[in-house]
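All of the numbers you see were taken from the coordinates with simple rules; none came from a lab. No experiment lies behind these values; they were computed from the predicted model shown.
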Amino acid sequence: MTDAAPAPTRVLVTGASGFVGRRLVPVLAEAGHDVRAMTRRPEQYDGAGTATYGDVTDRDSLVAALEGVQVAYYFVHSLDRPDFEEHDATAARTFGEAAAAQGVQQIVYLGGLGEEDEALSAHLRSRRQVEGLLGEAGVPVTVLRAAVVVGHGGISWEITRQLVKNLPAMVAPKWASTRTQPIAVDDVVRYLAGVLGREEALGRCFEVGGPDQLTYVDMLQVAARVDHGRTIPIIRVPVLSPRLSSYWLALVTDVDVTTGRNLIDSMDVEVVVKDHSIRDVVPGEPLTYEEAVRRALAERRAATGA
């Protein structure tokens, strides 16, 4: 294990205004790194770092964004598009080639958990493909694979929160009994920042998760208890297709049908941590799911006054 912190680095964070990016940029800036916050609308960006225009589908825009950058974080996906697999593959290949041409030394990517020999959903299959395409041109890629990331504004967490808030009782399809290993967004950011510039992290995939392995039903019940001091009556049904489930989610939450369908397709796959080697590089105990829920709810209250 290397204890010394990496020297200040010029870093590019794509998706800097997104769920993870907007939390990571200030952490990196406070650590003394020169951070470029890449966005397609730099004039609207009001976060930490230096706002920089860039579009992962536009190779020319990436040349300027990546100039002089040593480490690039890649937080780009398009689950709201029917053709997201093809779109994300093209974007990853373009970004990896541009990064190699500019001499980037490390790309850090947040992917999805799931065993390689499982019948992966289109969503998880796409995440695996992106891992490979980012490094195809030769830049070493560090991958953190996570399941549900819990924090205010995260899509998966918002589904949980809104279901608990809007439904006095619930019909749970078969996939709701699948085990997963949620992780607090604070821990994801800690791991992402911790692998920056670490030689022992180059070209490696790490699995990250909190200490709790739960079913989706368990997650709903914990969230209900923390938020409302009660549990929810849940009736399990043997069949509720992903298509019907996605329409159901769109009805009772503000998640669109396409995104909901792509996420639900992944919920049949058990996603739990089996390799804990990330702790050799970034030590520390991750937060429990209950504490992650408390923090997500507190952040929402602070942001919205609700």
Binning every alpha carbon pair distance of the stretch 146-224 at 5 Å from zero, what are the percents per bin? 3, 13, 22, 22, 15, 10, 7, 5, 2, 1, 0
Compute the length gained on full extension between Thr304 and Gln44: take 0.36 nm times their separation in residues and subtract their Cα-Cα distance, giving the result in nm to one decimal. 91.6 nm
